[in-house]
1. Bin width 5 Å, origin at 0, all Cα-Cα pairs of segment 159-272: what percent of pairs per bin?
2. Does segment 207-294 classify as rounded, prolate or oblate by the C-alpha gyration tensor (a ≥ b ≥ c root eigenvalues; a/c under 1.5 gives rounded; else a/b over b/c gives prolate, otherwise oblate)?
3. Under unit Cβ charges (Lys, Arg +1; Asp, Glu -1), what dipole magnitude, rounded to 20 debye, does the chain have relative to its Cα centre?
4. Do the sum for the chain: with -39,500 (n - 2.57) for every DSSP H run of n ≥ 4, divided by all residues, what is the mean residue ellipticity at 222 nm, to the nearest 500 deg cm²/dmol?
5. Any idea what log10 I(q)/I(0) is at q = 0.11, 0.27 Å⁻¹ for segment 133-219, Debye with uniform C-alpha scatterers and no solvent?
6. Can you list, bin by bin at 10 Å, the percent of alpha carbon pairs in segment 104-182, starting at 0?
7. Report, for the chain, the % of DSSP beta bridges that are antiparallel, rounded to 5.
8. Positive end of the charge dipole of the chain (Lys, Arg +1 and Asp, Glu -1 on Cβ, about the Cα centre): tell me which of Ala260, Ser214, Asn97 has its Cα farthest that way.
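Just so you know, all these numbers are worked out from the coordinates, no wet-lab data involved. Treat the numbers as computed from the prediction; the structure is a model and nothing was measured. Backbone-built Cβ (ideal geometry, glycine too); neighbour counts: all protein chains shown.
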Amino acid sequence: MASPLKSLVCDDGRYQEAFELFLQRSSEHQCMQDFIHTQLPDILASVGDGKPHLNVIGVGSGAGLIDLEMLSELHQKHPAATVENEVVEPSSQQLHNFKVLVGQKPELGFIKFNWNQMTAAQFEEHWKLKKMMKKADFIHMVQMLYYVKDPGATISFFQHLLSERGKLLIILVSGQSGWGKLWRTYRHQLCNTEISQCVTTADIKSYLESKGVSYQSYELPSQLDITECFTEGDQTGELLLDFLTEVLDFSKTASAELKAGVLDLLRHPDCSVESQGRVIFNNNLGVLVIDHQS
Ligand SMILES: C[S@@+](CC[C@H](N)C(=O)[O-])C[C@H]1O[C@@H](n2cnc3c(N)ncnc32)[C@H](O)[C@@H]1O
């Protein structure tokens, strides 16, 4: 049954504000950057097979910080190649932020950006309608598969867009993270499956295995300071709680019982550790890399 609570995704302004706060309070982007600079170069080495031009698709790019780090590694591995990058991002604010960032970096002249202000599903529809035959050498979906109706079908569509030596990279929270525990316990109360899914890399691995799709997998340790969530009426805590539960105004709209249960679980050792008076939530991420399937 769909949750009667309103999804945070319905209010892009508050969603983006909550995401920004989450980035400030967590090591989310730091651990991704570590992965991008240490492990991703080897993954990108074989894409394109020496082609002079590479096609990239970024799905749910946000403000593009992580995308640009990945593009920089791609360029270092293939310095002679030009790049065409489809950016798929429904938030006009985030797309604007991404364009501003690109405008500040003249060194990105080797990349042609195509801006698609749309969801992954709209991009798929548009691609099919235009009967596009172009193949992609590198596709990434960083922390976005929560927001599609059918993550498996989305992966399958984008995997079919890969060129022969192409790679699809997915980053989501790990099944072993505090998020995994929270969602295994409260998925039915918190998740409105019409618009957001409580998926972890464990769910995606099961899906891929059921389809016989092989993948490479990496775990990225990460933390999120959620201390303020436990101070009644604290605005920062309430915004973080919205992000953690994916529910708009969770503190004001959830039942007292659900709120108490979620708060108890968030500070339970399965989800968090307490250190120097702070409550540190396990925000570990998982990375999955999928090849072109013939
Ligand atoms: C958690 S943020 C991640 C942003 C960026 N990839 C990062 O890691 O910093 C999720 C992004 O997915 C976008 N998004 C939401 N629904 C989407 C959909 N159906 N298709 C594509 N992107 C979506 C949001 O606007 C947001 O920018």
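1. Answer for segment 159-272: a P(r) of 2, 10, 19, 20, 17, 12, 8, 6, 4, 2, 0 percent.
2. Values: a/c = 2.96, a/b = 1.99, b/c = 1.49.
Judged from the Cα gyration tensor, segment 207-294 comes out prolate (a/c at least 1.5, a/b above b/c).
3. So the dipole magnitude of the chain works out to roughly 860 debye.
4. -12500 deg cm²/dmol
5. -0.32, -1.51
6. 14, 42, 30, 13, 1
7. Percent antiparallel among DSSP bridges in the chain is about 50.
8. It is Ser214, whose Cα lies furthest towards the positive end.
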